[in-house]
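Q: First the structure, then my questions, so here it is.
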C-alpha cells in the first residue's frame, strides 16, 4: 500500500481530487459574479501553467502566449457561431480542437525558434503578440473573424448542464464545473509529465542544453515538444475563455495580455505547478484588491497599474522565487526547527544488580583480570 501511495500519479490525485470536490461544493452558494471570477481563474491557471512548462521548466522565454490563447479562443468562437463546413459542433467539442490548432501554431513557431535563445527568442515571440490583433481585423477575414465587429457568443450557444445535473447547477455554475475539471485534468497531466523522462529532459535542457545533448537528449525534439505542449494548454484556455466570457475582440489578446501571463508566472513561482495556480488566481483577484483600496483611498483606482507594478516589484525583492517558493521555504524552515513526533518510547534496558545496564549478549563483559590479549 505504501508503494502505491508513493507513486507520483497517486500522490497528485490525493490533493487534486479533494480540491476539486471542495471548489465544486463552494461554487453552488456563491453569486453569479464570484462564480464567473472562479471560472476565469481556472482558465488563466491553465494558460499560466502552459507558459510555466515552456519558460519555467524548459527555459524558453515567450512573450506571445496571449496570442496563442487568442488563436484558441477564435477557433472556438468561430466553430460555435459558424460551425465546421456547415455542421454544428457541440460547444465542449470545440475546446480540444482549439488546443490542437494552437499546438500546430506552437510547432510552427518552435521549429524556426530552435536557433534562438534568451532575449532573441523573446523578441521573436513578441512579434506574434503584436501581429495577431491586426490580422484579426483584416477586411479579407472579416467574414470569418468578425473583424472590428468582434464575435459575440450568446448564452444559448454556450453549454448547459445535462439532465439530471440541471437540477443542481445553473448555466454559470456548470461552466465553472467544466473549467474546473479541465484545469484539474491538465494540472494532473502536467504533474505526471514533469515527473517523467520528458520533464527531466526539459529541466536538463533548461540548465544546459550542451550538457543535455552530451547526455544523449534530442534537444531540438524536446524544445519543439515544449512549445507544442505549452501552446496546447494556451489553446484549451482560449476555448474555455469563450465559454466563460462569450465575447471576443482582437484587442483582448494583445501584448499586455501576454505580459500579464509572464508576470503571473513570476509572481506565483517559476518551475512550480503551485506557482502557476497562485499566479492565475492573482490575475483575477488582484482587481478586488485595487477595488478595496479605491474604496478607502481616493485616486487608488486611477493608480491600478501602478499598484500592479508595485506588487510585482515587492514580490521580486522579498520573494525572488515567487509565492510558491516562499511557501516551500517556510515549510522547510518549520520542519527543520519544529520537533518531530517520536515513534514511541525507547525500548527498556535490563538493569544489573546495582542498577547498571546489563549486557545483552553473552560474553560481552570483559574478564576480571582485564582485557584478553592475543598471544597469551
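Q: Report the Rg/Rh value for the chain, based on alpha-carbon coordinates and the Kirkwood definition of Rh.
A: Rg/Rh: 1.17.
Q: Further question: Hey, can you rank 199-205, 282-288, 33-39 by average C-beta count inside 10 Å, highest first?
A: Packing proxy ranking, top to bottom: 199-205, 33-39, 282-288.
Q: I've got another one for you. Order these by the 10 Å Cβ neighbour count, fewest first: 197, 40.
A: Ordered by Cβ neighbours within 10 Å, fewest first: 197, 40.
Q: Testing the spin-label approximation: label points 7 Å from Cα along Cα→Cβ at residue 189 and residue 16. State their distance in nm.
A: 1.0 nm
Q: Work out how much length residue 297 to residue 197 would gain on full extension: take 0.36 nm times their residue separation and subtract the Cα-Cα distance, in nm to one decimal.
A: Full extension from residue 297 to residue 197 adds 30.8 nm.
Q: Sorting check: for 146-154, 59-67, 292-300, 311-319, which peptide has the highest mean count of neighbouring beta carbons within 10 Å, and how do the rest follow?
A: 59-67, 146-154, 311-319, 292-300
Q: Diagonalise the Cα gyration tensor of the range 1-122 and give the resulting equivalent ellipsoid semi-axes, square root of 5 times each eigenvalue, largest first, whole Å.
A: They are 29, 26, 16 Å, listed from largest to smallest.
Q: Another question about this same structure. Taking neighbour counts of Cβ atoms within 10 Å as a proxy for exposure, in what order, fewest first, do 166, 157, 209 appear?
A: By the 10 Å Cβ count, ascending, the order reads 166, 157, 209.
Q: Given R₀ = 35 Å, FRET efficiency for residue 131-residue 304 by Cβ-Cβ distance, to 0.05?
A: 0.80
Q: Rounded if a/c is under 1.5, else prolate if a/b beats b/c, else oblate: with a ≥ b ≥ c from the C-alpha gyration tensor eigenvalues square-rooted, which is the range 121-210?
A: oblate
Q: For the range 68-144, restrict the atom set to alpha-carbon positions and state the Rg and Dmax in Å.
A: 14.7, 44
Q: Note the full-extension length gain between residue 141 and residue 34 as 0.36 nm times their separation in residues minus their Cα-Cα distance, in nm to one decimal.
A: Extending this stretch completely gives an extra 34.9 nm.
Q: Next up: By per-residue mean of other Cβ atoms within 10 Å, what is the highest-first order of 68-75, 135-142?
A: Going by the mean number of other Cβ atoms within 10 Å, highest first, we get 68-75, 135-142.
Q: A further question follows. How much length would be gained if the chain were fully extended between residue 288 and residue 108, taking 0.36 nm per residue of separation minus their Cα-Cα distance, in nm to one decimal?
A: Roughly 61.0 nm would be gained on extension.
Readers should treat all values here as calculations from the given coordinates under stated rules, not as data from a laboratory. Predicted model only: the values in this text are computed from it and were never measured. Cβ: placed from backbone, ideal geometry, glycine included. Neighbour counts: every protein chain shown.
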